[in-house]
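Working notes for the structure below.
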């Protein structure tokens with residue numbers, strides 16, 4: 001039986017309500033507090049490091065994000081680690097939480113389709129993440145202006161905005177993943193654990209697994225140098241399955257303009273190259289576009305799987 | 001005149017210039033009897049001097065066999081305006097004493113008046129021994145007109161040949177043929193834009209003038225630097241030494257041969273451009289000749305990173321006249337494996353004996369085809385979503 005009307009009627013109402021719920025939830029406050037505290041810590045360390053460095057740099061503001069000082073990692077490294085946590089926190093009980101609170105049938109008795117409910121929950125979460133990221137970014141830039149006494153250049157602002165977009169896509173992937181688990185598992189704790197497992201796997205263990213698997217797929221023959229290249233290519237391809245790797249590469253190229261390539265480089269490609277010369281923003285954007293496209297596509301695909309699973313579920317239980 | 005008390009007659013060489021009795025002659029005549037008496041003698045009693053040179057006469061007071069005597073010496077009949085002074089041991093004296101059988105050397109210094117005319121001037125030197133007859137020595141001085149001052153300048157090599165970049169070094173001998181020391185200003189007249197400097201023969205000090213003693217010859221070095229853009233040709237240089245009164249000059253020649261100077265400049269004067277990896281890009285370069293002679297064959301070449309292709313069109317320029325410019329096109333294809341960013345390509349324009357090399361900075365952009373690929377992946381994901389919405393939607 002075909003039903004009439006747009007499947008997305010009421011989408012904005014659900015999204016705004018969901019966003020408002022997240023904004024006031026204690027869970028969100030705790031996670032954001034964690035993120036902001038670590039951010040301030042790493043930025044403060046970075047400013048100390050930058051101030052003690054004598055030298056000219058055209059991209060001082062970008063160094064705010066990437067400079068690390070022992071024992072703190074850089075702001076970008078923190079984000080790569082903690083952004084999935086925000087996504088998981090916002091999405092792990094998106095669907096099964098409604099079941100456990102027995103509110104699902106009540107919502108769906110309203111004149112909206114399930115399409116709008118899931119899409120609204122996803123967009124609401126994405127909106128909250130976006131707001132948090134923009135706030136964080138402004139906070140960092142403001143701290144930078146205050147302590148460095150310099151305004152950022154237009155190039156730095158462009159790169160910062162692209163960095164925001166990449167961060168949003170990265171967090172979106174983890175939001176979609178956690179929503180998928182919340183659709184698949186009836187218990188919120190199970191879905192949360194599943195999402196956290198995947199997060200730990202990708203952020204911590206994937207970097208160790210990828211060389212092992214690559215070594216098994218393409219073993220190195222000591223008498224054939226090309227096998228080394230093959231193994232390195234395999235290793236990189238496997239590492240790029242992890243959204244964490246993609247995000248790391250994207251931020252590296254965006255925040256360090258002298259990054260010219262993210263893959264394997266042969267020496268003859270470097271002949272005559274001027275090392276250290278910054279790339280224009282367009283070239284950097286072109287360089288990370290595959291990574292960004294991969295993140296966006298992964299987000300859409302994971303959401304689609306969650307959507308299909310949700311649409312086919314029995315919800316009157 | 002000599003007083004010869006012991007001789008019956010004095011032997012006078014009246015026509016001669018030396019007015020003295022030769023003791024040798026006297027000895028001959030008196031059969032080994034030495035003449036005794038007092039003599040006042042001078043070597044040359046009639047001399048010719050140039051005007052301006054103070055005449056000096058050496059006098060000798062001789063006492064042979066006489067007791068020591070005081071002899072007063074005075075000048076008589078000096079022409080008007082003249083002054084004279086007799087000195088002994090460098091001090092002015094009025095009288096002298098001579099021991100027996102001794103000689104006293106004296107000197108008469110004469111000063112002529114300013115503007116003294118050439119001619120012969122006569123006067124007498126008197127010597128009065130105490131209690132004896134006066135001795136007189138007539139002297140005749142002829143003043144001759146001074147020789148005119150003269151300075152001569154003579155180049156060792158009057159014509160040199162070189163390129164506009166070379167320095168032309170002339171060696172000049174300046175001789176002062178005047179009777180006096182003089183300071184000469186050194187002057188060089190060159191075509192406009194040429195720089196001429198005088199230097200010591202072995203030294204780096206620049207000179208404007210130089211003192212030269214009478215009759216001396218000194219060597220100075222004149223180096224002339226032509227302007228860089230001077231046309232080929234023969235250029236005259238006049239060099240002179242002058243001190244206001246006299247002037248000596250010589251003509252030098254500079255034969256400047258032309259030299260080509262090839263320059264290479266990038267599109268619009270810039271030395272950077274951008275090209276897409278794996279795609280041919282053309283850049284317009286300008287080859288110019290800022291030299292003064294035509295460049296025969298200018299070969300253009302490019303030194304690129306490996307895997308790049310670069311060729312000039314045309315590869316060779318036949319003959320580029322001075323101040324001429326020609327356009328050449330550089331076809332540059334970065335390697336398709338080139339990574340995004342800046343590369344350096346070195347370009348050479350090589351004429352015969354002249355060349356120019358430029359570093360051309362190429363910003364390699366990568367193909368946006370992959371960008372479209374990324375969009376396609378996202379579009380595929382969205383299509384899958386749309387399909388599933390269509391299939392499972394609106395429940």
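Derivation of every value follows stated rules applied to the coordinates shown; laboratory data play no part. Everything numeric here is computed off the predicted structure, so don't read it as measured data. Reconstructed Cβ throughout: ideal geometry from the backbone, glycine too, with neighbour counts over all protein chains shown.
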Fraction in percent of alpha-carbon pairs per bin - 10 Å, region B:151-256: 15, 49, 27, 8, 1
Global size of region B:23-144 as Cα Rg and Dmax, reported in angstrom: 15.8, 53
Taking all pairs of distinct alpha-carbon atoms in region A:236-288, Kirkwood radius in angstrom: 11.9
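Which FRET efficiency, nearest 0.05, do residue B:205 and residue B:56 yield, Cβ-Cβ r, R0 35 Å?
Computed FRET efficiency for residue B:205 and residue B:56 comes out at 0.35.
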Computed over chain B, Cα set: Rg, Dmax in Å: 48.1, 178
Value at 222 nm in deg cm²/dmol, rounded to 500, when DSSP H runs of n ≥ 4 in chain B each add -39,500 (n - 2.57): -2500 deg cm²/dmol
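If contacts are Cα pairs under 8 angstrom and at least 6 residues apart, what is the relative contact order of chain A in percent?
Computed over chain A, the figure is 22 percent.
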Between helix B:369-392 and chain B: long-axis angle, C-alpha atoms, 0 to 90°, nearest 10: 20
Percentage relative contact order, region B:151-256, counting C-alpha pairs under 8 Å, at least six apart: 37
Ranked list, fewest to most other Cβ atoms within 10 Å of each Cβ, for A:179, B:97, A:275, A:104: A:275, B:97, A:104, A:179
Nearest 10 degrees, 0 to 90: helix A:11-24 Cα axis against chain A principal axis: 70
Shielding by partners - mean other protein chain Cβ count within 10 Å, residues of A:15-24: 0
Surface/4 of the Cα convex hull for region B:262-365, nm²: 5.7
Peptide A:266-276 - average C-beta neighbours from other chains (10 Å radius): 6
Contact order relative to length of chain B, as percent, for alpha carbon pairs under 8 angstrom and 6 or more apart: 10
Residue order, fewest to most beta carbons within 10 Å, for B:202, B:170: B:202, B:170
MRE, 222 nm, helices only [DSSP H, n ≥ 4, -39500 (n - 2.57), over chain A, to nearest 500]: -24000 deg cm²/dmol
Scattering profile of the protein assembly as shown at q = 0.10 Å⁻¹ [log10 I(q)/I(0), Debye over alpha-carbon scatterers]: -1.07
Order of B:200, B:66 under a 10 Å beta carbon neighbour criterion, fewest first: B:200, B:66
Diffusion constant of region B:189-336 at 10 °C, which comes from Stokes-Einstein with the Kirkwood Cα-pair radius and 1.306 mPa s, µm²/s: 80
Region B:136-201 - convex hull of the alpha-carbon atoms, volume per residue in Å³: 143
Other protein chain Cβ atoms within 10 Å, averaged over every residue that makes up B:329-335: 1
Region A:11-311: Rg to Rh, with Rh as the Kirkwood radius over Cα pairs: 1.01
